[in-house]
1. Roughly how many debye, to the nearest 20, is the charge dipole of the protein assembly as shown about its Cα centre, given +1 on each Lys and Arg Cβ, -1 on each Asp and Glu Cβ, and no other charges?
2. Between residue B:162 and residue B:53, what is the label-point separation in nm under the 7 Å Cα-to-beta-carbon projection?
3. In vacuo Debye scattering of chain B, one point per C-alpha: log10 I(q)/I(0) at q = 0.07, 0.13 Å⁻¹?
4. For the stretch A:46-146, what's the relative contact order in percent, using C-alpha pairs closer than 8 Å and at least 6 residues apart?
5. Give the angle, between 0 and 90 degrees and rounded to the nearest 10, that separates the Cα long axis of helix B:53-68 from the longest principal axis of the Cα atoms of chain B.
6. Give the average, rounded to an integer, of partner chain Cβ atoms located within 10 angstrom of each Cβ in A:107-120.
7. Compute the Cα gyration tensor for the stretch A:26-148, then decide on rounded, prolate or oblate, letting a ≥ b ≥ c be the square roots of its eigenvalues: rounded whenever a/c is under 1.5, prolate when a/b is larger than b/c in the other cases, and oblate in all that remain.
8. Between the stretch B:86-138 and the stretch A:46-66, what's the alpha-carbon centroid distance in Å?
Amino acid sequence: MIRQLPLTLCLCSIVTAGCVQTPIIEGALPGQRISDARAPNATMHMNRVVIIDRNLQTEQSSKLAVERAGSSSNPTGTMKVFATIRNRTTFPQQIEARVQFFDSGQIPVEGPSPWQRIYLDAQSIGNYVTSSARADVAHYYVEIREAR
Amino acid sequence: MKILTLITTPLAILAMAGCASAPYNPANNTAGRATVYEDVRSSGRVQGIGIESQDIASMTDKMMRDMLANPILAGRSPSPRIIVDSEYFRNESSSRINKNLITDRLRIDLNRAANGRMVFVGRHFSDMVAKERDLKRSGMVDGGTIRSTAAQAGGDFRLGGRIASLDALDPNSGTQSRWQQITFEMVDLELGTIVWSGIYEMKKSAQNDIIYR
């Protein structure tokens, strides 16, 4: 019976390997949505300020800190969004920010807005403040990149 | 031993299945195909110290959002009639620019976003409207299907503004800098008061070897 053990394992491996078929690439590819616990930032989170430029922030280090961010309502019912960004470096920085607005169903209703330039002195803070054009807005998504 | 075989075989299969976890699909992080098109909202390959597409897109968007957040302009009932054109929007700067690029974009962005909260009077089309009204009233054409009015619409507010600049030139290096200030003001067309103001400014410096046409 001991002799049968390697044979069993060998057969088992062959069967398992046989199941792994090479996929055939043909036709249009559906868009992908990355949902993987190892990449928690690979998806979009509403009501968040994100830095999309690796020159400004990587997993290990960052030149900026997003100190405050939030939203409120204007008297006309449109949404006001703000983000306070701190320059962590001892150099002046120029960054750009833009916003996209979504309704309560997370359907995009506006944007993206044009990039707005923000000048940050060394170690200082700067603010990005903007408003939605429409009143039926429930969520925002602010992106920041290095100015160009 | 038969029992041992029965135990080890499923274990071996499970172990192999465990190795086959879903692969992480990394991004194909390479540049896209080269093209002559550029994003009008970002700086392009040809850059100078004048007013460029990204400046116009940025300033009109900022003014549009600010106006729509203002209850004097966007919170009235009935909706105010607004004239946005380049008639009273002056270019006093050293930048060569077609002012209609700014006022047309602002009016169209506002009209699309306002969704009835503001009504826009096409004063720059008034001669077109006058000609058609004359044709209708002379009997040359019929009255159309919408309605007839005693006169064309009068405006409640009208955009005025100014593009101004201050230039500096370093003759040694040929570097030129230009500070540009663009002001936008909405004027009450009865009282003459300014009910809303907006300002957009920028300063650029470069070897000014770009020609704007």
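Every read-out reported here was derived from the displayed coordinates using simple, explicitly stated rules and does not represent laboratory data. Here the structure is a predicted model, which means the values were calculated and not measured. Every residue, glycine among them, receives a Cβ derived from its backbone with ideal geometry; neighbour counts consider all protein chains shown.
1. That gives the protein assembly as shown a dipole magnitude of about 560 debye.
2. Here the modelled spin labels are 3.1 nm apart.
3. -0.42, -0.90
4. Relative CO of the stretch A:46-146 lands at 37 percent.
5. It is inclined by approximately 80 degrees.
6. Counting Cβ atoms of other protein chains within 10 Å of each residue's Cβ and averaging gives 3.
7. In terms of gyration-tensor shape, oblate.
8. 41
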